[in-house]
Structures are given as structure tokens and as C-alpha cells.
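The values are calculated or read from the model by the stated rules, or taken from the named source; none is laboratory data. It should be emphasised that the depicted structure is a prediction, and the values quoted were computed from it without experimental measurement. All Cβ positions, even for glycine, are placed from backbone atoms using ideal geometry, and neighbour counts span all protein chains on display.
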């Protein structure tokens with residue numbers, strides 16, 4: 001059996017430091033109701049307030065999971081931020097148990 005190394009196709013790769021602001025924004029979308037409300041009302045302003053560059057802003061606006069992960073976004077944060085936004089916008093069904 002081959003050893004798993006950081007260069008191999010491991011299941012998870014730790015986000016690079018360069019993606020900190022993108023992941024910080026995704027975390028805020030997932031966890032911070034006030035920030036999420038600001039983002040829904042003014043996405044560009046909310047992203048600028050966190051210092052996201054134009055490329056990260058475009059990727060986040062596009063909402064493409066693979067593009068965001070390729071930019072260093074944590075896959076869990078991408079999923080949860082999208083879910084919370086869809087819940088707030090009423091564009092998904094979600095069952096509470």
C-alpha cells in the first residue's frame with residue numbers, strides 16, 4: 001500500500017494562508033447572522049469590508065464550489081455558507097427535526 005503524503009491525492013488539503021480572507025468570509029456567512037444579512041443586502045460591500053480581492057469576490061458571487069475550493073476555500077465552509085444563504089433567501093427546503 002502506498003503511503004499518503006501531502007503531495008498525494010489525499011481526501012483533504014489544508015487551506016493555504018492566501019485563502020484566509022475568503023475562508024473568513026465563508027465562515028461569517030455560515031455563522032454570523034448580521035454579516036449574512038449585510039451580504040444578502042449588499043454582497044459587494046460585505047466582501048469589500050472583509051478585504052476580499054476582485055478574483056475572490058467574483059468566485060464567491062459565482063457560487064461554483066469547485067472554483068472556490070480551487071482558490072483555497074474549505075469545502076465545508078463553502079457548503080455551509082451556501083446552505084445558510086439559501087435558507088435565508090428561502091430558495092431551499094430544510095427540515096428541522
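One residue is enough: does the range 28-51 have a residue meeting the conditions in a loop (DSSP other than H, G, I, E, B) and in contact with a helix residue (DSSP H, G or I) (Cβ under 6 Å, 6 or more places away or on another chain)? Yes, because at least one residue in the range 28-51 is in a loop (DSSP other than H, G, I, E, B) and in contact with a helix residue (DSSP H, G or I) (Cβ under 6 Å, 6 or more places away or on another chain). Taking the criterion of being assigned to a helix (DSSP H, G or I) and surrounded by 12 or more Cβ atoms within 10 Å (Cβ to Cβ), the residues of the range 60-75 that qualify are 60, 65, 67, 68, 69, 75. Just to be sure, is residue 36 within 14 Å of the chain's Cα centre (by Cα), modelled with pLDDT of 90 or more and surrounded by 15 or more Cβ atoms within 10 Å (Cβ to Cβ)? Considered against the rule, which asks whether it is within 14 Å of the chain's Cα centre (by Cα), modelled with pLDDT of 90 or more and surrounded by 15 or more Cβ atoms within 10 Å (Cβ to Cβ), residue 36 comes out as yes.
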